[in-house]
Amino acid sequence: MMLRYLICIFALIFLVCCASDTYVEKENHIVIEVIELPTPNLVGNMFLEETLSQRRSRRTFSNVSLALADLSQLLWAAQGITHVSGKRTAPSAGALYPLEIYVVVGSVESLSQGVYHYDPEANSVNKILDGDMRQELLLAAGNQSAVGNAAIDIVITAVYERTTQKYGDRGIRYVVLEAGHVAQNIYLQCESLGFNTVSIGSFNDQEVKNLLNIEEDPLYIMPVGHPE
């Protein structure tokens, strides 16, 4: 009996120690629902050179909803897994992957409105907040109309410690550079799918953090939708 008791105690200590190693942004997430995403396509409708030549920032959108497959494709372009080793679509210093991707969903087929967190390893989104948050995000972004009018708003956030614990202060630069890689991937995927998007860096950081209930630092808001 005593041996079994000691084993249980050691097991509990082990679990607590493991949990303490997780990043703080995970602790605030109460997952309402997990939605498995469709498998992303690896062959598109356009050559890379075409997407590069046509890439533009576009701030106007129609009221047409995105398909769930479109959302899956966009998130995969941002941070999708591309190798059994865990490598992703965007390069990351030391393969430390300090970025987290959130989606403020307003109009996606087969997906209720709310805030979702992308899980690249499972190719799924975890719903962490219910309801249409686009207007609140619009206010946090200084009333930039694109944020409120898009079907979705992709929010790219950073956990700097994942990189700075290896590279020191220089790691801050690496994280910001990585966000740029991810944003360009989203731009090019939007061109391929025929969507409009724009990268927005002007917003109130704390208001965005409060809205999403996160500790990470937001770096980009990218509204996405069908063109008018």
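The values are calculated or read from the model by the stated rules, or taken from the named source; none is laboratory data. Only a predicted model underlies this, so the values are computations on that prediction, with no experimental measurement involved. Positions of Cβ are generated from backbone atoms using ideal geometry, with glycine treated the same way; all protein chains shown enter the neighbour counts.
Couple of notes before you dig in:
- Here the helices (runs of 4 or more DSSP H) wholly within the range 1-71 that include at least 1 residues being in contact with a Ser or Thr (Cβ under 8 Å, 6 or more places away or on another chain) and modelled with pLDDT under 60 are 24-27.
- Subset of the range 185-218 [among the polar types (S, T, N, Q) and either in contact with a Lys or Arg (Cβ under 7 Å, 6 or more places away or on another chain) or touching a residue at least 24 places away in the same chain (Cβ under 8 Å) (or both)]: Asn185, Gln189, Ser192, Asn196, Thr197, Ser199, Ser202, Asn204, Asn213
- Every residue from the range 129-157 that is touching a Phe, Trp or Tyr at 6+ places or on another chain (Cβ under 6 Å), outside any helix (DSSP H, G or I) and of a type in the set (Gly, Ala, Ser): Ala141, Ala150
- Counting the residues of the range 200-217 that are surrounded by 19 or more Cβ atoms within 10 Å (Cβ to Cβ) and assigned to a loop (DSSP other than H, G, I, E, B) gives 3.
- Condition met for Ala78 (more than 18 Å from Val224 (Cα to Cα), modelled with pLDDT of 95 or more and in contact with a helix residue (DSSP H, G or I) (Cβ under 7 Å, 6 or more places away or on another chain)): no
- Beta carbons closer than 6 Å, at least 6 apart along the sequence or on distinct chains, pair a first residue in the range 168-180 that is within 9 Å of Pro98 (Cβ to Cβ) with a second that is in a helix (DSSP H, G or I) and among the small types (Gly, Ala, Ser) for Tyr174/Ala93.
- Every condition in (1) among the aromatic types (Phe, Trp, Tyr); (2) over 18 Å from Pro223 (Cβ atoms); (3) surrounded by 14 or more Cβ atoms within 10 Å (Cβ to Cβ) holds for Phe61 except the one numbered (2).
- Taken over the range 107-136, the criterion of being within 15 Å of the chain's Cα centre (by Cα), of a type in the set (A, V, I, L, M, F, W, C) and more than 18 Å from Trp76 (Cα to Cα) is satisfied by Ile128, Leu129.
- Positions within the range 115-128 being assigned to a loop (DSSP other than H, G, I, E, B) and of a type outside the set (A, V, I, L, M, F, W, C), in sequence order: Pro120, Glu121, Asn123
- Residue among Glu191, Glu178 that alone is crowded, with 16+ Cβ neighbours inside 10 Å, under 14 Å from the mean Cα position of the chain (by Cα) and modelled with pLDDT of 95 or more: Glu178
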